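Colleague: Once you've had a glance at the structure underneath, I'll fire off some questions.
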């Protein structure tokens, strides 16, 4: 086990590189083994057995956009919560109260979103 | 640069490489066995036999399937985005592997004077790394759907990206309480904090119930006892993150053909499959690590003392893999609006609430005597518990509505209905 901060990340790097080599190696190997005979019928996209109509772009519901926005808010919140939780014991009561206010504000935002019915599907 | 030279020159680099290779071999074998295990268990639950041709009890079936996929043509749709289409399966498979790097699967062993810990890398931000690796896997799904140049994969990709990011928040927030009580993000520290037994609770000391107190000395000191709400949140969000039933909407075959991987075939499809099953193993292993004491177990014998923790870890992980399979065989798929309802209106508020409860129970303000503190904690805990009970009992009002089938409408009304109806 490589010691310390630096070593632990080098090992992760080695792990990632081995993973990539494994996957790309498999892809390269199968390239040698498999047939490759693309025909028109084969390269058509699947549409329940009939020839596809129009382009591959389907309309997506605009609601997804609201969820993406909310995701950013709460993911950033999680980013702030983890360091706080790690040093919770050292920081003591003041940091606890501050965090209650922080989570409270964001909980209010979630409540607002629920009351505005933007989280309703259909 | 000195650090790099030291690292490359020492025995550390050999140990690191050996560990990486062993971890990969173990993960691949685990995947093969998990797929076989799932087919056998589900077959058993459905009163079938399941795979039984290749190897004893059909255990080599997955190997045979894998070899077949190696020789299959890799068909790329004409309008697919060439590079993105090719790389998406890699993006799905590799991060699942990566997350395993921070899971301690045993204690340690001394080989030739060198201490070897049974973990690929004890990152000081292990829990965060696990979450980060899981989030990168989302890219594989989204890009596969986007790059296929086909309608169903696009719909499936967008749908699953919304699902995965929703449940990712709940997954992340459900781990905050664990970090809070351990005061560390390292998975090794979290496992170490769960060693031993609950210990004497001196609740019944001096009474005729003294025996009950002693009973607590054999109960392992796992986080599942104090953190069971976090565990429930973690498991629900974790199953959603692996795209498995009852949250397998990304590939809901009755609605979306096969969702994001409709256009994939051959080895690239196999990579998606591999990624999913490794993810199942990794989430199971993480649940064991965070809530069930990791490799801690009741019996560690003198004979090969390092193999017992590995064994305990394996037993617990297999139990969780079985849970995954069991749920798939039992539960029907959620409807999409129910899925979003559960994620945003139940799991996220519940995890925020549980973070607050854990913080209140663990905070130590100065100048307040122990007795008052304990009473305040008990009051807060009780109030929140009642609130949760109330919310759970109330449920979704829409579930209680009596749905009466609509009367057949006149033709004109139907025509108007087409315009106003939502798609």
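Colleague: Could we say that residue B:319 is surrounded by fewer than 17 Cβ atoms within 10 Å (Cβ to Cβ) and either part of a helix (DSSP H, G or I) or in contact with a strand residue (DSSP E or B) (Cβ under 6 Å, 6 or more places away or on another chain) (or both) here? Don't jump to the end; show me each part of the working.
Modeller: Numbers: surrounded by fewer than 17 Cβ atoms within 10 Å (Cβ to Cβ): yes; either part of a helix (DSSP H, G or I) or in contact with a strand residue (DSSP E or B) (Cβ under 6 Å, 6 or more places away or on another chain) (or both): yes.
So residue B:319 fits the description; yes.
Colleague: Kindly indicate whether any position in the range A:53-67 is surrounded by fewer than 17 Cβ atoms within 10 Å (Cβ to Cβ) and closer than 22 Å to residue B:24 by Cβ.
Modeller: Checked against the condition, which is being surrounded by fewer than 17 Cβ atoms within 10 Å (Cβ to Cβ) and closer than 22 Å to residue B:24 by Cβ, the range A:53-67 yields no hits at all.
Colleague: Would the range B:295-311 turn up any residue that is within 18 Å of the chain's Cα centre (by Cα), touching a residue at least 24 places away in the same chain (Cβ under 8 Å) and in a helix (DSSP H, G or I)? Please lay out each step first, then the result.
Modeller: To start, the set of residues in the range B:295-311 that are within 18 Å of the chain's Cα centre (by Cα) comprises B:295.
Adding the requirement that they be touching a residue at least 24 places away in the same chain (Cβ under 8 Å) leaves B:295.
Imposing the further condition that a residue be in a helix (DSSP H, G or I) reduces the set to none.
No, the conditions are met nowhere in the range B:295-311.
Colleague: Right, something else. Is it the case that some residue within the range A:75-90 is in a helix (DSSP H, G or I), more than 24 Å from residue B:156 (Cα to Cα) and in contact (Cβ under 8 Å) with a residue 24 or more places away in the chain? Show your work before the answer.
Modeller: Taking the range A:75-90 and keeping what is in a helix (DSSP H, G or I), we get A:75-86, A:88-90.
Among the residues that remain, those that are also more than 24 Å from residue B:156 (Cα to Cα) are: A:76-86, A:88-90.
The next check asks that each one be in contact (Cβ under 8 Å) with a residue 24 or more places away in the chain; those that pass are A:77.
The answer is yes, given that some residue of the range A:75-90 is in a helix (DSSP H, G or I), more than 24 Å from residue B:156 (Cα to Cα) and in contact (Cβ under 8 Å) with a residue 24 or more places away in the chain.
Colleague: Would the range B:43-57 turn up any residue that is within 29 Å of residue B:161 (Cβ to Cβ) and touching a residue at least 60 places away in the same chain (Cβ under 8 Å)? Give the steps one after another, and end with the answer.
Modeller: So in the range B:43-57, the residues within 29 Å of residue B:161 (Cβ to Cβ) come out as none.
No - not one qualifying residue is present in the range B:43-57.
Colleague: Would you mind telling me which numbered condition in (1) out of contact with any helix residue (DSSP H, G or I) (no Cβ under 8 Å at 6 or more places or on another chain); (2) at the interface with chain B (Cβ under 7 Å from one of its Cβ atoms); (3) surrounded by fewer than 14 Cβ atoms within 10 Å (Cβ to Cβ) residue A:43 fails?
Modeller: Every listed condition holds for residue A:43 apart from (3).
Colleague: Of all residues being crowded, with 18+ Cβ neighbours inside 10 Å and part of a helix (DSSP H, G or I) in the range B:322-340, which is nearest to the other protein chains (Cβ to nearest Cβ)? Just the residue, please.
Modeller: Per the stated criteria, the residue is B:340.
Colleague: With the requirement that a residue be surrounded by 12 or more Cβ atoms within 10 Å (Cβ to Cβ) and more than 9 Å from chain B (Cβ to nearest Cβ), what does the range A:108-122 give you?
Modeller: Selection gives A:109, A:118.
Colleague: Can you name every residue in the range B:133-185 that is in contact (Cβ under 8 Å) with a residue 40 or more places away in the chain, at the interface with another protein chain (Cβ under 9 Å from one of its Cβ atoms) and over 22 Å from the mean Cα position of the chain (by Cα)?
Modeller: Selection gives B:148, B:149, B:150, B:152, B:153, B:155.
Colleague: Sticking with this one: Does the range B:355-373 include one or more residues that are at pLDDT below 70 and touching a helix residue (DSSP H, G or I) at 6+ places or on another chain (Cβ under 6 Å)?
Modeller: Yes, the range B:355-373 contains a residue that is at pLDDT below 70 and touching a helix residue (DSSP H, G or I) at 6+ places or on another chain (Cβ under 6 Å).
Colleague: Tally time: how many residues in the range B:260-305 are at pLDDT 85 or above and under 18 Å from residue B:240 (Cβ atoms)?
Modeller: Of the residues in the range B:260-305, 16 are at pLDDT 85 or above and under 18 Å from residue B:240 (Cβ atoms).
Colleague: Moving on. Being surrounded by 15 or more Cβ atoms within 10 Å (Cβ to Cβ), part of a helix (DSSP H, G or I) and at pLDDT 75 or above is the filter here, so list the residues in the range B:210-225 that pass it.
Modeller: Hits for the range B:210-225 are B:223, B:224.
Colleague: If you check A:76, A:105, which single one turns out to be under 21 Å from the mean Cα position of the chain (by Cα) and more than 8 Å from chain B (Cβ to nearest Cβ)? Working first, answer last.
Modeller: Details: A:105 fails: under 21 Å from the mean Cα position of the chain (by Cα).
Going through A:76, A:105 in turn, just one is under 21 Å from the mean Cα position of the chain (by Cα) and more than 8 Å from chain B (Cβ to nearest Cβ): A:76.
Colleague: Residue check, residue A:106 against (1) over 15 Å from residue B:353 (Cβ atoms); (2) touching a residue at least 24 places away in the same chain (Cβ under 8 Å); (3) in a helix (DSSP H, G or I), all met but one. Which one?
Modeller: If we test residue A:106 against (1) over 15 Å from residue B:353 (Cβ atoms); (2) touching a residue at least 24 places away in the same chain (Cβ under 8 Å); (3) in a helix (DSSP H, G or I), just (1) comes out false.
Colleague: Determine if the range A:21-33 includes at least one residue that is farther than 25 Å from residue B:342 by Cβ and not in a helix (DSSP H, G or I). It would help to see each step written out before you state the result.
Modeller: If we filter the range A:21-33 for residues that are farther than 25 Å from residue B:342 by Cβ, which is where we start, we get A:21-33.
Narrowing further to those that are not in a helix (DSSP H, G or I): none.
No.
Colleague: Across the range A:1-25, which residue is nearest to the other protein chains (Cβ to nearest Cβ) among those that are surrounded by fewer than 17 Cβ atoms within 10 Å (Cβ to Cβ) and over 25 Å from the mean Cα position of the chain (by Cα)?
Modeller: Result: A:6.
Colleague: Just a yes or no: is a residue in the range B:249-259 at pLDDT 75 or above and either under 29 Å from residue B:156 (Cα atoms) or buried (at least 23 other Cβ atoms within 10 Å of the Cβ) (or both)?
Modeller: Yes - at least one qualifying residue is present in the range B:249-259.
Colleague: Restricting to the range B:1-54, what's the tally of residues that are under 22 Å from residue B:104 (Cβ atoms), part of a helix (DSSP H, G or I) and at pLDDT below 80? Before the answer, list the steps.
Modeller: The first filter runs over the range B:1-54 and keeps only residues under 22 Å from residue B:104 (Cβ atoms), leaving B:7, B:11-31, B:33-34.
Next, only the ones that are part of a helix (DSSP H, G or I) stay: B:7, B:12-31, B:33-34.
Then drop every residue that is not at pLDDT below 80, which leaves B:7, B:12-16.
Within the range B:1-54, residues that are under 22 Å from residue B:104 (Cβ atoms), part of a helix (DSSP H, G or I) and at pLDDT below 80 number 6.
Colleague: Follow-up question, since we're still on this one. In this structure, does residue B:123 turn out to be assigned to a loop (DSSP other than H, G, I, E, B) and either in contact with a strand residue (DSSP E or B) (Cβ under 8 Å, 6 or more places away or on another chain) or crowded, with 20+ Cβ neighbours inside 10 Å (or both)? So that I can check it myself, show each step before the final result.
Modeller: Values: assigned to a loop (DSSP other than H, G, I, E, B): yes; either in contact with a strand residue (DSSP E or B) (Cβ under 8 Å, 6 or more places away or on another chain) or crowded, with 20+ Cβ neighbours inside 10 Å (or both): yes.
Yes: the conditions hold for residue B:123.
Colleague: Can you give me the number of residues within the range B:67-85 that are more than 8 Å from chain A (Cβ to nearest Cβ) and either surrounded by fewer than 18 Cβ atoms within 10 Å (Cβ to Cβ) or assigned to a loop (DSSP other than H, G, I, E, B) (or both)?
Modeller: 7
Colleague: Another one. Mind listing whichever residues of the range B:141-180 are part of a helix (DSSP H, G or I) and out of contact with any helix residue (DSSP H, G or I) (no Cβ under 9 Å at 6 or more places or on another chain)? Give the steps one after another, and end with the answer.
Modeller: At the first step, the residues of the range B:141-180 found to be part of a helix (DSSP H, G or I) are B:141-147, B:151-180.
If the condition is that a residue be part of a helix (DSSP H, G or I) and out of contact with any helix residue (DSSP H, G or I) (no Cβ under 9 Å at 6 or more places or on another chain), then B:151 is the only one that fits.
Colleague: Anything in the range B:268-299 that is within 14 Å of chain A (Cβ to nearest Cβ) and surrounded by fewer than 24 Cβ atoms within 10 Å (Cβ to Cβ)? List them, or say none. Walk me through it before giving the result.
Modeller: Our first condition is that a residue be within 14 Å of chain A (Cβ to nearest Cβ); within the range B:268-299, this holds for B:268-275, B:278-279, B:282, B:290.
Hits for the range B:268-299 are B:269, B:270, B:272, B:273.
The values are calculated or read from the model by the stated rules, or taken from the named source; none is laboratory data. These numbers come from a predicted model, not from an experiment. Here Cβ is always computed from backbone atoms with ideal geometry, including for glycine, and neighbour counts include all displayed protein chains.
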